[in-house]
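See below for the structure under consideration.
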Amino acid sequence: YFVKETINSNKFQIVDPETIKHVAKVMRHKSGDVISLVDPTENLFMATIDSIDPDSKFIAVDVEKSTKNSTEMPIDVTIACSLSKKDKIEWITQKSTELGAKRIIFFDSRYSIMNWKPNVVEKKLARLQEIAKNAAQQSKRRIIPEVIYVDKLKDLVQYKAEANLVAYEESAKQGEISRLAQTLNEMPKSVICAFGPEGGFAPEEIDFLNQADFLSVGLGPRIMRAETAPMYFLSVLSYKYEL
Ligand code: SAM
């Protein structure tokens, strides 16, 4: 569970109502159960439940130890996906979180089948951020990935990383898969990869991204669905850097 306060003694109280509800009502934990807590310093603590306030105002825990072993990848990974239907972007958010993304950006592109009106952005992002939090909790992440929306492809540029990539199936067809391997061999501190919609990127979008120093990369000879390609990419990174 993510707690908002820093844990700096062996007695701690969980006070966030949502976390209390999850621990006591959803997971039905009782006194004596051991749970894990992650505080804002990204440390993980094992904690034994001491008491659960009958009015659900707090849960008192005895903190046992902090472990520095991280579940985070050694590089910061940003996944930037073209907007899609609600169930797909929710799935992308959940699975990218399980697979270790640090930031998930959705953007509007020429062939996106959906677009968000300005008045719905806040509500939609809040829902996706909640999905990221639940997924981070379940996969014992140390951080909750940030979910961001940009309404123009050109605004992606402000999230540039050390390595900037765009997944482009035409590169795959031209046998340029090795570019991905080459980029990853150099172990950048951070990487962003942009993924197009079901209909793919328009050639002028690829030109724009290439000019902004996003390198086109192929992800193998098979064309994946828009939601599968980022998962392939994250899995490759996990394999590359976590073994
Ligand atoms: N318009 C394309 C077509 O019909 O041939 C398919 C686009 S694909 C369904 C959606 C997105 O996933 C692409 O824009 C690209 O970013 C990514 N993608 C899927 N397979 C890929 C591959 N083998 N190499 C690189 N990118 C891929």
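Taking max minus min of the alpha-carbon positions on each principal axis, region 11-67 gives extents of 30, 21, 19 Å, largest first. The calculated 222 nm mean residue ellipticity attributable to helices in the chain amounts to -9000 deg cm²/dmol, summing -39500 (n - 2.57) over DSSP H runs of n ≥ 4 and dividing by all residues. When +1 charges are put on Lys and Arg Cβ atoms and -1 charges on Asp and Glu Cβ atoms, the dipole computed for the chain relative to its Cα centre reaches about 440 debye.
Its residues counted as N, region 56-148 yields a C-alpha radius of gyration over 2.2 N^0.38 Å of 1.29.
At a threshold of 8 angstrom on Cα-Cα distance, excluding pairs fewer than six apart, so keeping six or more, what relative contact order does region 76-242 reach in percent?
Here the relative contact order equals 31 percent.
According to the Kirkwood relation over distinct C-alpha pairs, the hydrodynamic radius of the chain is 19.4 Å.
Would you work out which of Met27, Ser66, Thr48 lies farthest towards the positive end of the dipole of region 11-67? Charges go on Cβ: Lys and Arg +1, Asp and Glu -1. Positive-end residue among those listed: Met27. Here the label points at Ile223 and Lys140, each 7 Å from Cα along the C-beta direction, are separated by 4.1 nm in the simple model.
Within the shell defined by Cβ-Cβ distances under 11 Å, the residues around Lys102 carry a net charge of 0, with Lys and Arg each +1 and Asp and Glu each -1. Quick note on region 138-242: its Rg to Rh ratio, both from C-alpha atoms and Rh being the Kirkwood radius, is 0.95. Using alpha-carbon positions, what is the distance between the centroids of region 23-64 and region 186-215, in Å? That distance is 43 Å.
Summary value for region 11-67: 39 percent relative contact order, contacts being C-alpha pairs under 8 angstrom separated by 6+ residues. Does anything in region 104-144 have its amide N under 11 Å from the 7 Å Cα→Cβ label point of Val150, and if so which residues? The answer is 105-108. The calculated Kirkwood hydrodynamic radius for region 1-134 is 17.0 Å, given to one decimal from all distinct C-alpha pairs. For Asn8 and Glu204, a Förster radius of 51 Å and the Cβ-Cβ distance give a FRET efficiency of 0.45, rounded to the nearest 0.05.
Restricting the chymotrypsin sites (Phe, Trp or Tyr not before Pro) of region 188-236 to loop positions (DSSP other than H, G, I, E, B) with no more than 11 neighbouring Cβ atoms within 10 Å leaves nothing. Bridge orientation summary for the chain: considering DSSP beta bridges with both residues in this region, about 40 percent are antiparallel. In this structure, the pairs whose alpha-carbon distance is over 29 Å, taken from Lys102/Lys152; Lys154/Lys189; Lys25/Lys189, are Lys25/Lys189. The GluC sites (Glu not before Pro) found in region 195-227 that occupy coil by DSSP, while having at most 16 further C-beta atoms within 10 Å, are Glu198.
We did not get these values from a lab; they are worked out from the coordinates using the rules stated. These figures come from a predicted structure and were not determined experimentally. For neighbour counting, all protein chains shown are included, and Cβ atoms are generated from backbone atoms with ideal geometry for every residue, glycine included.
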